[in-house]
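For reference, the structure discussed in these notes is given below.
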Amino acid sequence: MKKNKEYIIPFVGLKPGTHRYEFNLDTAFFAVQGIEEVSGAEVAAVLDFDKQDHLMTLHFDFEGWVLLTCDRCAGEYKQPLSGKYRLIVKFGDQAEELSEELVVIGRDEYELDVSPYLYEFVRLLLPIKREHPVNESGQSECDQEVIGALDNLLVNTPEKEEETDPRWDALKNLKWS
């Protein structure tokens, strides 16, 4: 994947301390990252980049919304997003991801591309079950025509009485007191 200069932080020239970066994650960002289920977006990502001598701590703060397709009625809706994540970047002999919060990069690296981390953290903020929100009156904002059509398509199967052993039927009539 081609690196976008907007998301690359050249940390070699930075003085130790905290540096703030702000990113606007819009529809184009999600298209480049390959998130097909997001058809629109406006997410503000604030990165507090704390550079120290032997490691860097990245604090991500996300706020905004994405346009998703509802799993129930297939209509689009705005899903609010809000979350905070932390990432620790250490220097080592070879690049590797040790855990969700700890990444090792080579000692000869001089810049850090944060776009994969922005992508990962936004993916974690997306809900598994995607449905329209419920309004103030407690009703779903799903397209009621579609929901009605789906309800009409449901096949109503008559409930079968469970066959039981006649020897045990007498026990059903016992009252426990």
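If the condition is being of a type in the set (D, E, K, R) and in contact with a Phe, Trp or Tyr (Cβ under 9 Å, 6 or more places away or on another chain), then the stretch 82-99 contributes K84, R86. Scanning the stretch 28-51 for residues that are farther than 19 Å from L124 by Cβ and touching a residue at least 24 places away in the same chain (Cβ under 8 Å) returns S39, G40, F49, D50, K51.
Hey, among the residues in the stretch 4-16 that are of a type outside the set (A, V, I, L, M) and farther than 29 Å from T69 by Cα, which one's surrounded by the most Cβ atoms within 10 Å (Cβ to Cβ)? So, considering only residues that are of a type outside the set (A, V, I, L, M) and farther than 29 Å from T69 by Cα, the one surrounded by the most Cβ atoms within 10 Å (Cβ to Cβ) is F11.
The criterion of at least 1 residues that are at pLDDT 95 or above, among the small types (G, A, S) and surrounded by 20 or more Cβ atoms within 10 Å (Cβ to Cβ) is met by the following strands (runs of 3 or more DSSP E) wholly inside the stretch 17-74: 40-51. The residues of the stretch 75-84 that are touching a strand residue (DSSP E or B) at 6+ places or on another chain (Cβ under 7 Å) and either surrounded by fewer than 19 Cβ atoms within 10 Å (Cβ to Cβ) or not in a strand (DSSP E or B) (or both), listed by number, are E76, Y77, K78, P80, S82, G83, K84. Checking L55, L102, L98, L81 one by one, the residue that is of a type outside the set (S, T, N, Q) and closer than 22 Å to V32 by Cβ is L81 and no other.
Say whether the condition of being under 30 Å from Y21 (Cα atoms) and either free of Cβ contacts under 8 Å to residues at least 12 places away in the same chain or among the β-branched types (V, I, T) (or both) is met by at least one residue in the stretch 77-86. So far as the stretch 77-86 goes, no, none of its residues is under 30 Å from Y21 (Cα atoms) and either free of Cβ contacts under 8 Å to residues at least 12 places away in the same chain or among the β-branched types (V, I, T) (or both). Please verify whether V104 is under 20 Å from the mean Cα position of the chain (by Cα) and closer than 30 Å to P10 by Cα, treating the condition exactly as stated. Spelling it out, it is not the case that V104 is under 20 Å from the mean Cα position of the chain (by Cα) and closer than 30 Å to P10 by Cα. If you go through the stretch 32-71 and keep only what is within 30 Å of I147 (Cβ to Cβ) and aliphatic (A, V, I, L, M), you end up with I35, V38, A41, V43, V66, L67, L68. Kindly provide the set of residues from the stretch 90-103 that are in a strand (DSSP E or B) and either farther than 20 Å from V46 by Cβ or modelled with pLDDT of 95 or more (or both), ordered by number. K90, F91, G92, E96, E97, L102, listed by residue number. Sub-6 Å Cβ pairs linking a first residue in the stretch 127-141 that is surrounded by fewer than 10 Cβ atoms within 10 Å (Cβ to Cβ) to a second residue that is of a type in the set (D, E, K, R) and in a loop (DSSP other than H, G, I, E, B), at least 6 apart or interchain, are N135/E141, ordered by first then second residue.
The values are calculated or read from the model by the stated rules, or taken from the named source; none is laboratory data. In this text the structure is predicted, and so the values were computed from the model without any measurement. Because the Cβ atoms are built from the backbone with ideal geometry, glycine has one as well, and the counts that use them run over all protein chains shown.
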